[in-house]
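One structure is given below, encoded as structure tokens.
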Amino acid sequence: MSGSVAATATRNLRWIAPVRLRAEVVHGFGRGSKELGFPTANLRIRWDLENSGKHAQLTEGEHAVLQFVQSHDTGIYCAFGRVEGCGEGHGGVHRVAMSMGWNPTFKDVKTKAIEPWIMHEFKEDFYGSHLRLVVLGYIRPEIEFSNLDELIREIKADGEFCKAALDGPELIRFLYDPFFELTRYAMSSTKMSSRIKDRSNDCSSHQATPVVGMCVRTALQGLPPLQLGNTRFLLLRHGETFANELGLLSGGGNDSELTARGLVQAERLAEELGRCPTELAVVGSSPLQRAVASANAIAMLFSTAKRIELDDLREMSYGSFEGACITNVSHQVKATSGHWRRGQTNHRLCSEAGESPEDVANRVLPALCCFLEKHPDQTVLLVCHNWVNRVLLASAMPEMGLVRLLDVPQRNCGLNVLDFSCSGGSGSPQQSVAATLPTLASRFKVLAVDLKVSDSESRM
Ligand code: ADP
Ligand code: MG
């Protein structure tokens, strides 16, 4: 520490949009902050990947940490925090005063650091554990203090100020943020995944063919462990819509809202996934509101997942038949099914416009490959549509093929599970687009089709 500038901190609480961070606790500058009464659990910031341009290797969580450091003012923040593996329930969530920046009192700091002081007595150090933070307010800018006594006094005052801010009516509710609930799943996930492994070892003829129509939890527990360099892809059909209920054709050009039952279907699926050892890196959807609303219901319980929309995942277009009552066009619908079953998968329901299964495959498969390639070793969930899902699943099952897409069951909020080989292709989006459909389809392995929430039929 150096300098003789006398400084007094002025504190004001400025709320920020809550930032949820999860990072490993690493060794800090070794200044003995702990001995001074305010240990700071320094967070790992992947400057190494950032500075060497290897952004693709950043996990979602690491990306969020870097983004926070790069987009927010340096200074002192208040937050709630929880160390994974320490404490049960909300008793494990603590008030935090956190510095982010250069720490100007010390001259040896070369990169910005995040240093949370968790205002709780821990029995032991927790280097290597993951700390979750919900950062809620900005307290003051960084100040260069002239001596250690001043620094200690001001940090203690930061702590008192943060405690009072966090206990205020606006922020205290974040003590119950679902982000902290997930810690429970993260803590148990290692145990659970070894259980899954045990089971898969027991079962020598391990799922050569996908399971169909099973309960989500049973099926997910029986899945083989994800192989390195693969993405586990949870593919969902949206919940029931008014168009489904009324028997109207609702494709890519005719949106329809979820019914109350459709929303409950999505919420119950989210709950079911929440009970499984599943950490979702992404919750995505097509841009159609029925898929968006279903995905939002899931994202509510997976708040760390990145929420995205992919335009290419929209439903097959029916052209000028969009919105038609199915009974009024039943003749054409039946004829189209016949064409498809005979192998004419380039046939369109509406001859002037709209799309065929092959058109959908040509649009959806390259887009999916480009997206999934970016998430090796992660689990992602996308909410799509009846034909989109059937086209992919049928294409990806060699024993089926696109010609049998009508035989693929796909109920509202039915869940499908596929593993995707990230290294099976070029890794370049352009080449994914150029690759043939069979090549793209061969990168998917279908593990489960049309899974249901347990007892869903009896309860809805
Ligand atoms: P370092 O320089 O390695 O960051 P510190 O003196 O700042 O060392 O102590 C921080 C370490 O102390 C943390 O990484 C954590 O393992 C442990 N620790 C214990 N209690 C706390 C606490 N209340 N807040 C933050 N870290 C704590
Ligand atoms: Mg520290």
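The values are calculated or read from the model by the stated rules, or taken from the named source; none is laboratory data. Treat the numbers as computed from the prediction; the structure is a model and nothing was measured. As a convention, Cβ positions derive from the backbone with ideal geometry for all residues, glycine included, and neighbour counts pool all protein chains shown.
Descriptive notes on the structure:
- Among the residues of region 20-31, those that are closer than 15 Å to ASP125 by Cα and within 6 Å of ligand 1 (Cβ to nearest atom) comprise VAL25, HIS27, GLY28, GLY30.
- Spans of helices (runs of 4 or more DSSP H) in region 386-460 with at least 2 residues modelled with pLDDT of 90 or more and either charged (D, E, K, R) or buried (at least 21 other Cβ atoms within 10 Å of the Cβ) (or both): 386-396, 437-441
- GLY101 free of Cβ contacts under 8 Å to residues at least 60 places away in the same chain, within 20 Å of GLY30 (Cα to Cα), surrounded by fewer than 22 Cβ atoms within 10 Å (Cβ to Cβ) and within 16 Å of ligand 2 (Cβ to nearest atom): yes
- In the condition set (1) within 28 Å of ARG153 (Cα to Cα); (2) buried (at least 19 other Cβ atoms within 10 Å of the Cβ); (3) more than 16 Å from ligand 2 (Cβ to nearest atom); (4) at pLDDT 90 or above, TYR77 is compliant with all but (3).
- Some residue of region 109-118 being more than 16 Å from ligand 2 (Cβ to nearest atom) and under 27 Å from ILE16 (Cα atoms): no
- Residues of region 32-66 that turn out to be hydroxyl-bearing (Ser, Thr, Tyr) and closer than 26 Å to GLU154 by Cα, as a count: 2
- Residue selected from region 34-52 under the condition touching a residue at least 12 places away in the same chain (Cβ under 8 Å) and within 11 Å of ligand 2 (Cβ to nearest atom), by the criterion surrounded by the fewest Cβ atoms within 10 Å (Cβ to Cβ): LEU36
- Total residues in region 162-182 satisfying the condition of being in contact (Cβ under 8 Å) with a residue 40 or more places away in the chain, in a helix (DSSP H, G or I) and of a type in the set (A, V, I, L, M): the figure is 4.
- Within region 233-281, the set of residues being of a type in the set (Val, Ile, Thr) and buried (at least 22 other Cβ atoms within 10 Å of the Cβ) comprises THR241 only.
- For region 341-351, the condition of being touching a residue at least 24 places away in the same chain (Cβ under 8 Å) and of a type in the set (A, V, I, L, M) holds for at least one residue.
- Scanning region 116-134 for residues that are more than 7 Å from ligand 1 (Cβ to nearest atom) and either under 19 Å from VAL69 (Cα atoms) or exposed (fewer than 13 other Cβ atoms within 10 Å of the Cβ) (or both) yields LYS123, GLU124, GLY128, HIS130, LEU131, ARG132, LEU133, VAL134.
- Among the residues making up region 54-65, those that are surrounded by fewer than 17 Cβ atoms within 10 Å (Cβ to Cβ) and among the hydrophobic types (A, V, I, L, M, F, W, C) are ALA56, LEU58.
- Within region 122-137, being more than 15 Å from ligand 2 (Cβ to nearest atom) and not in a strand (DSSP E or B) holds for LYS123, GLU124.
- Any hit, region 90-99, residues being more than 16 Å from PHE180 (Cβ to Cβ), more than 16 Å from ligand 1 (Cβ to nearest atom) and not in a helix (DSSP H, G or I): no
For (1) touching a helix residue (DSSP H, G or I) at 6+ places or on another chain (Cβ under 7 Å); (2) polar (S, T, N, Q); (3) under 19 Å from LYS306 (Cα atoms), each residue gets a yes or a no:
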| position | (1), (2), (3) |
| --- | --- |
| ARG20 | yes, no, yes |
| ARG31 | no, no, no |
| ASP48 | no, no, no |
| LYS54 | no, no, no |
| ALA64 | no, no, yes |
| SER71 | no, yes, yes |
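- Scanning region 100-115 for residues that are assigned to a strand (DSSP E or B) and away from ligand 1 (no atom under 12 Å from the Cβ) turns up MET100, GLY101.
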